[in-house]
Amino acid sequence: MLSPVSDPLSPLAAAVRDAARQAGALALPYFRAGEQTAARLWYKGQSSPVTEADIALDTFLKEHLTGLFPQAGWLSEETADNPARLNRTHVWVVDPIDGTRAFASGHPDWAVSIALVKDGTPVLGILHAPVHDRLYEASLGGGAWCNGERLRLTETLPADPMRVAGPKPLVDRFERQVGPVERLPKVPSLALRLARVADGSIDVGLVSHNSQDWDIAAADLILREAGGLLTDFAGLPPTYNQPQPKHGEMIAVASRLHPRAIGAMRT
């Protein structure tokens with residue numbers, strides 16, 4: 001089943017979907033399953049890895065997406081920030097490879113993440129995981145989809161134990177309050193971690209502080225349109241395209257579970 005053609009973003013969404021797939025195809029020749037990447041690797045600061053694939057995808061996506069919508073500003077992990085974006089109604093928010101460490105080490109959990117933000121809120125989100133051949137997408141009010149199938153989180157509470165993924169200290173904190181949980185492996189791509197809450201394969205996704213807009217904007221919209229929420233532990237959703245695009249600790253859950261989940265993290 002395809003997303004609704006009545007969606008006013010459909011023509012743009014189709015072009016962005018194609019760009020995400022093309023970007024994934026550009027990255028795959030550098031990826032070696034279970035082995036270190038064929039791409040050149042270096043570090044930003046002390047510990048943030050970058051590969052030549054990140055830069056190649058960033059260059060491709062910036063040219064392609066700004067060509068599709070030149071009025072929009074640009075915010076990407078691999079591009080020097082230009083504060084002119086703050087004066088734009090629309091901004092592209094992009095992580096060319098979310099999960100660079102995974103990509104570089106041969107782990108399949110990495111993705112191309114593209115969001116279009118309007119006045120601080122994502123209105124279009126595309127997340128493509130090339131190794132898994134899964135493409136998640138959402139538009140504001142248009143629902144969430146994965147490979148053409150609608151994502152809808154159910155209204156029933158999950159069976160115990162809940163399936164939880166995230167940093168160990170946060171999972172420990174959650175478990176102390178709610179009782180035993182099923183600890184899933186931490187998904188190295190934060191965007192994919194949130195998308196897997198949206199598709200129901202994770203019940204609770206926990207997020208440490210210092211995530212950036214480009215890590216979460218696309219997946220946030222996908223989760224929300226599937227019937228979930230991404231908020232801080234006070235219950236407030238993130239706002240995007242701020243002068244400092246960083247966020248604190250957060251939790252991603254189905255809406256039905258949200259009150260219980262943030263209650264556990266507040267204590």
(message) How compact is region 1-158 by the rule of thumb for globular proteins, expressed as Cα Rg over 2.2 N^0.38 Å?
(response) 1.08
(request) Would you please classify the overall shape of region 87-241 from the alpha carbon gyration tensor, given that a ≥ b ≥ c denote the square roots of the eigenvalues, rounded means a/c under 1.5, and beyond that prolate means a/b larger than b/c while oblate covers the rest? (result) rounded
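Can you tell me the order of 91-100, 173-182, 34-43 when each peptide is scored by its average per-residue count of other Cβ atoms within 10 angstrom, highest first? Can you show the working numbers first?
Values: 91-100: 27.8, 173-182: 14.7, 34-43: 12.6.
The packing order, highest mean first, is 91-100, 173-182, 34-43.
Any idea of the accessible area per residue across region 121-234, 1.4 Å probe, to the nearest Å²? Intermediate results must be reported in sequence, preceding the final value.
Working: 4290 Å² over 114 residues.
Result: 38 Å² of accessible area for each residue.
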(request) Any chance you could run the full-extension gain for Thr156 through Arg260? It's 0.36 nm times the residue separation minus the Cα-Cα distance, nm to one decimal. (result) 36.1 nm
(message) Using alpha carbons only, how many angstrom separate the centre of region 92-109 from the centre of region 183-248?
(response) 16 Å
(request) Using Cα positions and a limit of under 18 Å, work out the aspartates and glutamates in reach of Lys62, with same-chain residues fewer than 8 apart set aside. (result) Asp18, Glu52, Asp54, Glu77, Glu78, Asp81, Asp95, Asp98, Asp213, Asp215
(message) If you count only protein heavy atoms with a 1.4 Å probe, what accessible area per residue comes out for region 1-111, rounded to a whole Å²?
(response) 50 Å²
(message) Multiplying the sequence separation of Ser208 and Leu68 by 0.36 nm and subtracting their Cα-Cα distance, what value in nm do you get?
(response) 47.1 nm
(request) Determine ³J(HN,Hα), in whole Hz, for all residues of region 206-213 in sequence, where each value follows from phi through the Karplus function 6.51 cos²θ - 1.76 cosθ + 1.60 and θ = phi - 60°; x replaces Gly and Pro. (result) 9, 10, 6, 5, 6, 5, 10, 3
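Using a 1.4 angstrom probe on heavy atoms only, work out the carbon and sulfur share of the accessible area of the chain in %. Could you put the intermediate results ahead of the total?
Numbers: 6120 of 11580 Å².
It is 53 percent, rounded to a whole number.
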(message) Over the chain, with a Gaussian network built from C-alpha contacts below 10 Å, which listed residue (Asp133, Asp199, Asp172) shows the highest mean-square fluctuation?
(response) Asp133
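The values are calculated or read from the model by the stated rules, or taken from the named source; none is laboratory data. Values in this document were obtained by computation on a predicted structure and should not be read as measured data. Reconstructed Cβ throughout: ideal geometry from the backbone, glycine too, with neighbour counts over all protein chains shown. Side chains are part of the model used for accessible areas, which takes the heavy atoms of the whole protein and leaves out ligands, DNA and RNA. Shrake-Rupley method; radii C 1.70, N 1.55, O 1.52, S 1.80 Å.
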